[in-house]
Amino acid sequence: MASQGLRPFFGFYGGKWRDTPRNYPAPEYETIIEPFAGSAGYALRYPAKRVIICERDPQIASVWRYLLKATPDEIRAIPDVPLDGSVDDLPICDEAKWLVGLWLNRATARPRKSPSKWMRSEIRPGCFWGERVRNTIASQLDSIRHWRLIEGDYSACDVAGPATWFIDPPYQLAGKHYRHGSKGIDYAMLASWCRGREGQIIVCENEGADWLPFRPLNAVKTTRAGRRSREVVWLSMSMLVARDEETIVKAAA
């Protein structure tokens with residue numbers, strides 16, 4: 001599979017698809033696990049791997065379950081949403097409505113019912129629900145048929161053997177926008193859980209987080225014009241031993 005991988009099946013607040021190739025190490029194991037899946041931006045870059053995604057939000061989990069079973073014709077048959085309309089007016093199942101709702105705004109934390117101001121402006125129609133998006137999703141479905149979905153908390157990822165763990169939880173200081181956000185997370189417990197994983201561990205956070213000894217990464221673009229997020233990362237000790245620490249820091253800078 002080419003390094004480009006797949007394009008996102010939907011946008012999601014805090015997604016890592018755009019920043020993965022430049023900022024995060026490539027997987028060292030055949031299995032990739034994303035315990036806080038969201039839009040699974042890391043796994044999408046390496047879709048041929050054995051991928052396990054875990055999602056606690058029931059709507060997002062349902063969207064993934066739908067995508068793992070949907071046919072290309074089914075996706076292409078989902079209609080457009082009028083700029084003054086609502087997904088509730090579409091004659092489709094709830095899971096399809098939620099998929100469409102995630103395309104009515106950019107990088108939203110939950111599905112919308114009606115088009116956002118950005119979509120209504122029609123400045124970049126290919127970035128929102130429409131023919132281009134439908135065709136992209138439909139053309140990629142076969143590439144994720146082997147993926148496994150776990151609906152539940154990160155602790156439900158009880159997977160035996162070493163793997164590449166890409167752990168991108170709601171951020172300690174900025175993760176309040178999700179249905180299950182930072183207020184519901186015991187970060188000391190999460191830190192202990194991360195340290196207990198076997199294999200290659202990559203943990204994402206934002207500047208100011210203190211629940212692991214994070215290292216500076218990059219200031220990455222956000223969906224808001226002119227805004228950048230100062231990202232940090234924690235890498236498992238096995239990775240630090242395998243490479244010279246200074247090389248890792250330079251590669252991430």
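Readers should treat all values here as calculations from the given coordinates under stated rules, not as data from a laboratory. This is a predicted model, so every value here is computed, not measured. Virtual Cβ from ideal backbone geometry, glycine too; neighbours counted across all protein chains shown.
Quick one: grab the alpha carbon gyration tensor of segment 1-74, order the square roots of its eigenvalues as a ≥ b ≥ c, and give me rounded if a/c is under 1.5, else prolate or oblate depending on whether a/b is larger than b/c.
prolate
Could you please report the charge total around ARG76, scoring K, R as +1 and D, E as -1 over all other residues with beta-carbon less than 10 angstrom from its beta-carbon?
Result for the local shell: -2.
Test of understanding: ordering SER236, SER143 by Cβ neighbours within 10 Å, fewest first, what list do you get?
Ordered by Cβ neighbours within 10 Å, fewest first: SER143, SER236.
Could you work out the Rg to Rh ratio of segment 73-144, with Rh taken as the Kirkwood radius (inverse of the mean 1/r over all Cα pairs)?
0.94
Hey, for a label at ILE123 modelled as a point 7 Å past Cα toward Cβ, could you say which residues of segment 75-115 have their backbone N under 13 Å away?
From segment 75-115, the list is 106.
Could you put LEU173, LEU104 in order, starting from the residue whose Cβ has the fewest other Cβ atoms within 10 Å?
Ranking LEU173, LEU104 by Cβ neighbours within 10 Å, fewest first, gives LEU173, LEU104.
Work through the residues other than THR31 whose Cβ is under 13 Å from its Cβ and net out their charges, Lys, Arg +1 and Asp, Glu -1.
Local net charge: 0.
Evaluate the distance, in nm, between pseudo-label points positioned 7 Å from the Cα of ASP210 and of ARG7 along their respective Cα→Cβ axes.
With each label point 7 Å from Cα toward Cβ, the separation is 4.3 nm.
Distance from the Cα centre of segment 112-163 to that of segment 1-77, in angstrom?
7
What is the fewest-to-most order of GLU131, GLU95 by other Cβ atoms lying within 10 Å of their Cβ?
Sorted ascending by nearby Cβ count, the order is GLU131, GLU95.
Distance in nm between label sites at TRP193 and ASP89, each 7 Å beyond Cα in the beta-carbon direction?
4.2
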